[in-house]
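These notes are about the structure you will find just below.
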Amino acid sequence: MKKNAAWAWIDPTLSDQGGVVKPKVIKGDLALSGGGDAAITSYAPDDGRSLSLNWPTTLPKPTLNGSRATYSNAAGPGADLVVTALATGFRYDVVLRTRPAKDLELNIPFQGKGLSLHETSDGVLRVADASGLNVAVNSPPTLRSTKDVQKPATRAGTVETSVEGSGAQQVLQLKPDPDFLADPSTRYPVTLRSAFSMTAASDADVWSALPDFPNGSGPTLMAGTDSDGTKGRAYLKFDTSPLVGQQISNVTLSLLNIDGPSCGSQVSDGIQVRRVTSRWSPATVTWSEQPTNTTENAVTNRSSVGGSCAPTPMTWDITAMAERWAADVGNYGLVLMSPTERAVRNQRVYPSSEDSDFNDPPKLTATFSPVGGPVVVSPAGPDGVEVIEAPSNWGHDAVQMAEPQAHALSAAFDRVVANADKLADPYVDMVSGQVIVPAATAEGRPIGSGILSGTAYLGYGETDWTIPGDYTDGDTDEDGEGPPGPTEPYNFTPQVPDVTASYGRHVTIIREVLRSTSAQLPGADAIVSGGSWPERNKVLFTANAVSPELRLALAQRYGVDSVVIRLKPDATRLTTKAGTDTRQLMTHAGTDSRANDNDEYINGGGAFNTKAGAACTMGFAWSLPAGRRLVTAGHCLPTADTSGVVLSDATREYGKRVLTTWTRGTGTVILPGKNEAHGDSALVTPNASIYPTASIFIGGPDSRSKKPVKRSWQRRSAPGDLFCVGGRKYGQHCLWKVVKGNPYFPTDGGLLDNAIPATHASACLDEEGGDSGGPIYTFQADGSVVAKGIVSSAASSTFDCWLAFTDITTVRAAYGGDVMKRR
């Protein structure tokens, strides 16, 4: 991870640093007591948020062993406090070396800055930020004998938990089961495990011997079977969003095998890895309550260590499963289990993500094949402009930017637009991390070099639709934003190279060419998109055919070195068709569903028709000082549609268009009082007794499930961003990816001006329309929606799917206001 502006390997080893105990390198800032005071732990996961845990008595000087700090007798005679530094936080346990003489009760003060402690009805502890988003979830604390931590116990003790107080001053109260502690069959030492944990772990194991026992915070994972019929399964989940858009060569799962029946490469039935197909939580999963799984693409490894064998990694090639995740099948994680689960000795033990002995947690390693770059097939010269060819997925492997970079790039773009004749298109050098703002004139240099600073909003970009948080009832007309989530300041000093062509010059060229007919510009009808190529300070057009006449005409008009054409024979123009009128189908689709949003509350992502016969999808509820509105695609409600009336079923009118950025035949039009083009959107005023609501439909075309909208993106979309699309025809599809450049598209309805291009490996939208106007969005960690844009148009080629959308920042610039939000 990056620490103090340099990259360093995670190392949770603790050391005394001037009387304070700290790890070498973990995510966040952790400080432990060096003894002599009441503070156990202070931890800051990021800037602006922190917590501290105190202790009712003075602490002794700790004994340090790797990532563990042990405070002897801190919880009473024979009761040690053990704090363990982890890669993404910390955990503390209480080790009872001897049977306590009286009932044990622990009261641990908790102080939070921007963080608070909560307890759910099933005993799960969670740390949440001011907006209610979970920062960490802790499995219910348990009591277990530490005689044999690598094998499942046959019994475990419970711990009664409660959280007293609120706000910045809270107390975590723990009452271990006195009967378990007093039972003569309980073997000591006994560990009160995960009295408190602050970690982002997503692994757990479950055991048939303890069917109702959650174990999401143990140091080991056990999978397989024993000869007495005992079964164990281990669950894992990884963030696989970096796989999207990549040419995947291989994906390997690796766990360190530290115990098993014996040594060998072919031991018993082995351990099989399967893809999980439903939701689970490491804090609550048990043998009795497990998710479903599938044997599709399952992989088995029969190797094992045991006896004198040293710990050895076990690996599984899960490339086929990873490709399914990258195609948006739903990443619910993996399960490790015996392929047959028959009663034989076939167990394997692995360190979990919370282990501190081996520091070797479960890993997912991906190998990608590089995507080739462009090749010049016709150089620029007297006969015309340069022509290149490139792989179909050129640029699709862009990695997601860090949010401070992406926010700085968005701010740079605003600066460039405001100084269009002095500056050129900005970009981020992904090797150095520098923001580049080229100057096209001498006056542009001091403007471009000004510091880019502000606040980056974090945690908006989740596209894992398996996160819970959906509902079917409970719509309201609430419009109120909760406290801000995590943020991080950004501060970049741009590099300002000199270039010849300004942003304004490029935009002029692009608009002229894309509005030309073949009579005006030979071969113009073969051009499918246009945009800037910032790194080369040139205009880049994509065409499915390039004639000598087109090359020469562009060179004569704009200069030999101003324009490059990418030849892509399978490229097609985007379409901006609204779907076919489906009012009768809507009437029979049920009540308050994506297909028939027919109650008084209108959600985003729901089907609508117009009196003019168009069938589209609503985007988001919109809030203005003048009142509540709705936004959708402008080409669904163009200026030519004089009525502008929208209907939710065969007869019910629920609103009327008041503004649109689209004129059929022209495309994007500039709104009165505006100087810039604002994509493809329309604003709808609801009728009396109709209430826009801050939620959108998720799931399939007939779904009734919804999620609340709590945020909207505060920066312009950047290459590498991932997102979801919701529409009436194909429902919800996630893992769409924003790609570079080409924000201008000639369509069947006119020029789409100022849009965001994106691609998907397989989820093509229907070019005949229906999903137009639908929401573009991401999720927060609690499953709530973050508005990102409005669907405009789509196309497909031989190898991929294409989509263009109007960015939510562009919609805000067009109409003012913002999406309605639910706290």
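The values are calculated or read from the model by the stated rules, or taken from the named source; none is laboratory data. Note that the structure is a prediction, hence the values are computed from the model and not measured. Using ideal geometry, Cβ is built from the backbone for each residue, glycine included, and neighbour counts are taken over all protein chains shown. Side chains included, ligands, DNA and RNA excluded: accessible areas come from the protein's heavy atoms. Shrake-Rupley method; radii C 1.70, N 1.55, O 1.52, S 1.80 Å.
Output yes when any residue across the stretch 676-691 is aliphatic (A, V, I, L, M), touching a strand residue (DSSP E or B) at 6+ places or on another chain (Cβ under 6 Å), under 26 Å from residue 466 (Cβ atoms) and not in a strand (DSSP E or B), and no when none is. Looking through the stretch 676-691, none of the residues is aliphatic (A, V, I, L, M), touching a strand residue (DSSP E or B) at 6+ places or on another chain (Cβ under 6 Å), under 26 Å from residue 466 (Cβ atoms) and not in a strand (DSSP E or B). Only one of the numbered conditions (1) assigned to a strand (DSSP E or B); (2) open to solvent by 10 Å² or more (accessible area, probe 1.4 Å); (3) within 22 Å of residue 781 (Cα to Cα) is violated by residue 745, and that is (3).
Quick test for you: out of 783, 750, pick the one residue that is out of contact with any Asp or Glu (no Cβ under 6 Å at 6 or more places or on another chain) and either more than 27 Å from residue 623 (Cβ to Cβ) or among the polar types (S, T, N, Q) (or both). Exactly one residue qualifies, and that residue is 750. Determine whether residue 101 is at pLDDT 80 or above and of a type in the set (A, V, I, L, M). Spelling it out, residue 101 is indeed at pLDDT 80 or above and of a type in the set (A, V, I, L, M). Return a yes/no flag: does the stretch 760-767 have any residue that is surrounded by 22 or more Cβ atoms within 10 Å (Cβ to Cβ), in a loop (DSSP other than H, G, I, E, B) and not hydrophobic (A, V, I, L, M, F, W, C). Checked the stretch 760-767: no residue is surrounded by 22 or more Cβ atoms within 10 Å (Cβ to Cβ), in a loop (DSSP other than H, G, I, E, B) and not hydrophobic (A, V, I, L, M, F, W, C).
Across the stretch 325-346, the qualifying residues are those that are hydrophobic (A, V, I, L, M, F, W, C) and assigned to a loop (DSSP other than H, G, I, E, B), and the one among them that is surrounded by the fewest Cβ atoms within 10 Å (Cβ to Cβ) is 343.
Against the list (1) in contact with a Ser or Thr (Cβ under 8 Å, 6 or more places away or on another chain); (2) modelled with pLDDT of 90 or more, the condition residue 500 fails is (1). For the stretch 366-393: of the residues being modelled with pLDDT of 90 or more and open to solvent by 50 Å² or more (accessible area, probe 1.4 Å), which is nearest to the chain's Cα centre (by Cα)? Selected residue: 374. Taking the criterion of being among the small types (Gly, Ala, Ser) and buried (at least 24 other Cβ atoms within 10 Å of the Cβ), the residues of the stretch 785-813 that qualify are 787, 789, 792, 793, 794, 804. When the residues of the stretch 710-723 are filtered to those that are out of contact with any Ser or Thr (no Cβ under 6 Å at 6 or more places or on another chain) and not in a loop (DSSP other than H, G, I, E, B), the one that is surrounded by the fewest Cβ atoms within 10 Å (Cβ to Cβ) is 712.
The C-beta contact set for the stretch 480-495 (first residue open to solvent by less than 80 Å² (accessible area, probe 1.4 Å), second residue among the basic types (Lys, Arg), distance under 6 angstrom, 6+ apart or interchain) comprises 480/823; 482/823.
Hey, which of the strands (runs of 3 or more DSSP E) in the stretch 1-97, taking only ones fully inside, have at least 3 residues that are modelled with pLDDT of 90 or more, touching a strand residue (DSSP E or B) at 6+ places or on another chain (Cβ under 9 Å) and open to solvent by 40 Å² or more (accessible area, probe 1.4 Å)? Because the criterion is at least 3 residues that are modelled with pLDDT of 90 or more, touching a strand residue (DSSP E or B) at 6+ places or on another chain (Cβ under 9 Å) and open to solvent by 40 Å² or more (accessible area, probe 1.4 Å), the strands (runs of 3 or more DSSP E) in the stretch 1-97 that meet it are 11-17, 20-25, 63-65. Checked across the stretch 259-272, the condition of being open to solvent by less than 40 Å² (accessible area, probe 1.4 Å), in contact with a Phe, Trp or Tyr (Cβ under 8 Å, 6 or more places away or on another chain), touching a residue at least 12 places away in the same chain (Cβ under 8 Å) and not β-branched (Val, Ile, Thr) holds for no residue. Among the criteria (1) open to solvent by 20 Å² or more (accessible area, probe 1.4 Å); (2) closer than 30 Å to residue 670 by Cβ; (3) of a type in the set (Val, Ile, Thr), the one residue 527 does not fulfil is (1).
Among the criteria (1) surrounded by fewer than 22 Cβ atoms within 10 Å (Cβ to Cβ); (2) under 15 Å from residue 223 (Cα atoms), the one residue 349 does not fulfil is (1).
Note on the stretch 543-552: among residues that are crowded, with 20+ Cβ neighbours inside 10 Å and in contact (Cβ under 8 Å) with a residue 60 or more places away in the chain, the one that is farthest from residue 373 (Cα to Cα) is 550. The strands (runs of 3 or more DSSP E) falling completely within the stretch 154-273 that include 3 or more residues that are under 30 Å from residue 460 (Cβ atoms) and either β-branched (Val, Ile, Thr) or within 36 Å of the chain's Cα centre (by Cα) (or both) map to 190-198, 247-257.
Among residues of the stretch 222-233 that are within 23 Å of residue 362 (Cα to Cα), those with a Cβ under 6 angstrom from a residue that is assigned to a loop (DSSP other than H, G, I, E, B) and of a type in the set (Ser, Thr, Tyr), sequence gap 6+ or separate chain, pair up as 224/338; 225/338; 231/208.
Here's the yes/no breakdown for (1) surrounded by fewer than 24 Cβ atoms within 10 Å (Cβ to Cβ); (2) farther than 30 Å from residue 507 by Cα; (3) in contact (Cβ under 8 Å) with a residue 24 or more places away in the chain:
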site	(1), (2), (3)
617	no, yes, yes
627	yes, yes, yes
631	no, no, yes
637	no, no, yes
642	yes, yes, no
656	yes, yes, yes
672	yes, no, no
675	yes, no, no
693	no, yes, yes
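When residue 668 is tested against (1) over 24 Å from residue 425 (Cα atoms); (2) more than 26 Å from the chain's Cα centre (by Cα); (3) touching a residue at least 24 places away in the same chain (Cβ under 8 Å), only condition (1) is not met. Only one of (1) surrounded by fewer than 18 Cβ atoms within 10 Å (Cβ to Cβ); (2) charged (D, E, K, R); (3) under 21 Å from the mean Cα position of the chain (by Cα) fails for residue 464. Which number is that? Only one criterion in (1) surrounded by fewer than 18 Cβ atoms within 10 Å (Cβ to Cβ); (2) charged (D, E, K, R); (3) under 21 Å from the mean Cα position of the chain (by Cα) is unmet by residue 464, namely (1).
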